[in-house]
Amino acid sequence: MSVLRTEHIAKQYPGCLALDDVTVSFESGKVNALLGKNGSGKSTLVKCFSGAIQPTSGAFYLDDEQLSFSSTSSANAKGFATVYQEMSLVPSLTVAENIFLGRMPKRAGGMIDWKRANAMAAGLLDKMGVDINPREIVSRLSMWQCQVVEITKAMSYNPKVLMLDEPTSSLASSEVECLFDVIRELKKQDIIIIYISHKLHEIPQITDTITVLRDGQFIGTVNTRDVTNADIISMMFGDTQIRQRPADVVAQDEVIMEVRNFSRKGKFSDVSFQLKKGEVLGIAGMLGAGRTELLKSIFGADPHDGGEVVINNTTAPRRSSPISMKKLGMGLTPEDRKLEGLILIHSIRDNLCYASMDKTSHGWFEDKRLRVRAADKQVEDLEIKVPNVNAPVSSLSGGNQQKVVVGNWLNTQPVIMMYDEPSRGIDVNAKQQIFEIMWEQSRHGISTVFVSSELEELLEVCHRILIMRDGKITGEVRPEDITINQLYAMSMGDENV
């Protein structure tokens with residue numbers, strides 16, 4: 001039996017202690033769940049094991065050998081392999097080519113030995129207990145088969161430690177059991193398996209032990225068979241205090257938007273809900289639930305296959321776009337602000353005015369006076385701390401960058417704002433300021449749809465919360481009627497907690 005253990009591991013970032021004196025161990029021959037809410041430290045711990053980062057203090061050992069990795073390649077060389085939720089396969093290549101990408105076996109003359117490559121891949125796949133043709137093009141495989149190929153690629157390095165990060169996040173329920181069969185085969189090979197998942201209902205099916213981190217600290221390790229889901233939830237979240245929404249932030253009775261039977265194949269299906277004037281409506285769910293995809297399709301940034309969106313009694317075009325949805329009064333702050341919400345090398349002023357160019361221009365000509373006025377208004381209203389509005393937006397802190405994204409869309413004078421993970425990567429004070437902006441807009445009758453993986457935020461901010469799981473709306477709750485543990489349990493697939 002092999003053992004991976006840590007002793008007093010800590011990881012300090014500026015203003016944040018991501019891992020705080022963590023001592024924990026994982027054994028081979030078992031599937032070891034590593035659980036915790038977002039920000040608990042589990043991803044940081046896995047990154048330490050994988051060589052992506054180095055701990056600030058403490059040490060970790062594999063079978064009593066102390067290890068220290070300067071890179072992911074040095075971790076791979078010592079038998080540590082990680083399979084991330086974002087697959088790294090090349091769709092146009094074969095299964096064998098993906099498994100041995102960059103290290104294909106070659107003949108004496110330097111030519112690729114295709115026969116040997118396919119035979120080696122077939123042997124690995126057979127060891128995994130699956131029937132996948134190594135010559136098949138990856139784009140023709142099902143999602144679970146792609147996940148298996150990803151794991152097989154990791155196994156080709158003969159790892160002693162295999163870390164699986166949300167391996168079922170993109171799989172249909174019928175495909176999950178196929179993947180579980182593969183993981184059960186891996187258990188027999190004396191490999192230390194660390195399994196990260198937000199899907200609570202999966203944990204009893206596939207894991208043997210459960211290790212919980214909370215706020216960077218080790219809470220405990222238990223045998224899966226000895227605990228209930230309620231016990232796990234309690235370990236993950238403890239006693240969380242939820243702040244209250246101000247009493248004067250009240251939703252009106254008027255329905256401002258209705259989403260009817262909205263669907264996109266493979267992403268979400270038959271989603272229906274209403275949004276009232278001035279309401280802050282939350283959408284709760286775990287990674288892969290379909291929340292981001294839903295918001296993008298409602299906004300017209302991504303397509304949809306069926307259903308409709310009605311805003312102020314006007315049905316959105318069948319082939320909607322961000323431009324057409326903006327005309328109907330909608331704005332969206334995207335999940336990745338740096339990639340999709342800002343042009344980092346451009347000025348703060350320009351980034352505050354891109355969405356409202358039709359209001360700050362005369363035909364093809366920019367009205368600099370109007371642009372300055374629009375930018376200055378949002379800097380003042382949102383209390384954006386800027387050295388100079390002509391400075392590049394990249395010079396701002398994460399919280400102030402997020403305010404620029406919000407201000408850009410508020411300049412369009414929307415009736416509906418959709419926020420996708422607006423508090424990600426910003427500090428506590430900046431988060432509260434974003435929430436204050438939502439509440440202030442609510443007081444002015446602007447409606448909000450708010451997606452956050454930090455479900456405590458939804459209880460604090462929203463009037464009403466929809467539960468989304470596996471691409472479907474599975475429930476609706478009000479913050480005053482539910483605890484944080486119950487909300488997480490419902491989002492993870494266990495409504496009995």
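Computed from the coordinates by the stated procedures, all read-outs in this text should not be read as laboratory data. Only a predicted model underlies this, so the values are computations on that prediction, with no experimental measurement involved. Neighbour counts are summed over all protein chains in view; Cβ atoms, including those assigned to glycine, are modelled from backbone coordinates with ideal geometry.
Overview of results
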item: Where chymotrypsin sites (Phe, Trp or Tyr not before Pro) fall in DSSP loop in the range 405-484, at most 13 other Cβ within 10 Å; result: none
item: Spacing of the two label points (7 Å from each Cα toward its C-beta) at Lys127 and Asp181, in nm; result: 2.0 nm
item: Helix-only mean residue ellipticity at 222 nm for the chain, each DSSP H run of n ≥ 4 adding -39500 (n - 2.57), per residue, nearest 500; result: -9000 deg cm²/dmol
item: Anchor Lys385: lysines whose Cα lies under 22 Å away (excluding residues fewer than 8 positions away in-chain); result: Lys338, Lys368, Lys377, Lys403, Lys431
item: Translational diffusion of the range 267-347, µm² s⁻¹ [Kirkwood Rh, Cα pairs; Stokes-Einstein; 4 °C; 1.567 mPa s]; result: 92 µm²/s
item: Selected from Asn400, Cys353, Leu342, residue furthest toward positive end of dipole (the range 301-402; charges at beta carbon); result: Cys353
item: Taking the chain and dividing mean pair separation by its residue count, relative contact order in percent (alpha carbons under 8 Å, at least six apart); result: 15 percent
item: Charge dipole of the chain about the Cα centre (unit charges at C-beta), most positive-ward option of Val389, Ser453, Ser272; result: Val389
item: Per residue, the convex hull volume that the Cα atoms of the range 306-362 enclose (Å³); result: 119 Å³
item: Rounded to 5, the percent of DSSP beta bridges in the chain classed as antiparallel; result: 55 percent
item: Separation of the Ser361 and Asp336 label points, Cα + 7 Å toward Cβ, nm; result: 2.6 nm
item: Cα-based Lys pair tally, the range 1-149, threshold under 29 Å, eight or more apart or on separate chains; result: 19
item: Descending Cα extents along the principal axes, the range 400-497, whole Å; result: 44, 27, 25
item: Packing rank of 456-464, 322-330, where each peptide gets the mean count of other beta carbons within 10 Å, highest leading; result: 456-464, 322-330
item: Semi-axes of the equivalent ellipsoid for the range 120-194, Cα gyration tensor, largest first, Å; result: 18, 16, 11
item: Charge-dipole axis of the chain as Lys and Arg at +1 and Asp and Glu at -1 on Cβ define it, positive-most pick from Asn312, Phe60, Ser442; result: Asn312
item: The range 318-397 shape via C-alpha gyration tensor axes, a/c threshold 1.5; result: oblate
item: Unit Cα scatterers, Debye sum, the chain: log10 I(q)/I(0) for q = 0.09, 0.12, 0.13 Å⁻¹; result: -0.72, -1.18, -1.31
item: Kirkwood Rh, angstrom, the range 217-367 [1 / mean 1/r, Cα pairs]; result: 19.2 Å
item: Candidates per trypsin sites (Lys or Arg not before Pro) in the range 360-410, loop by DSSP, up to 14 other Cβ within 10 Å; result: Lys385
item: For the range 1-91, fraction of C-alpha pairs farther apart than 23 Å, in %; result: 23 percent
item: Glu476 versus Asn388: modelled label distance in nm, points set 7 Å from Cα along the beta carbon direction; result: 5.2 nm
item: Overall dimensions of the range 38-149 by Cα: Rg and Dmax, Å; result: 17.2, 52
item: Debye log10 I(q)/I(0) for the range 103-231, one point scatterer per Cα, at q = 0.12, 0.13 Å⁻¹; result: -0.56, -0.64
item: Dipole magnitude (debye, nearest 20) for the range 74-150, charges at Cβ of Lys, Arg, Asp, Glu; result: 360 debye
item: Filtered GluC sites (Glu not before Pro), the range 326-430: DSSP coil and at most 12 other beta carbons within 10 Å; result: Glu383
item: Cα point-scatterer Debye curve for the range 172-299, base-10 log of I(q)/I(0) at q = 0.21 Å⁻¹; result: -1.23
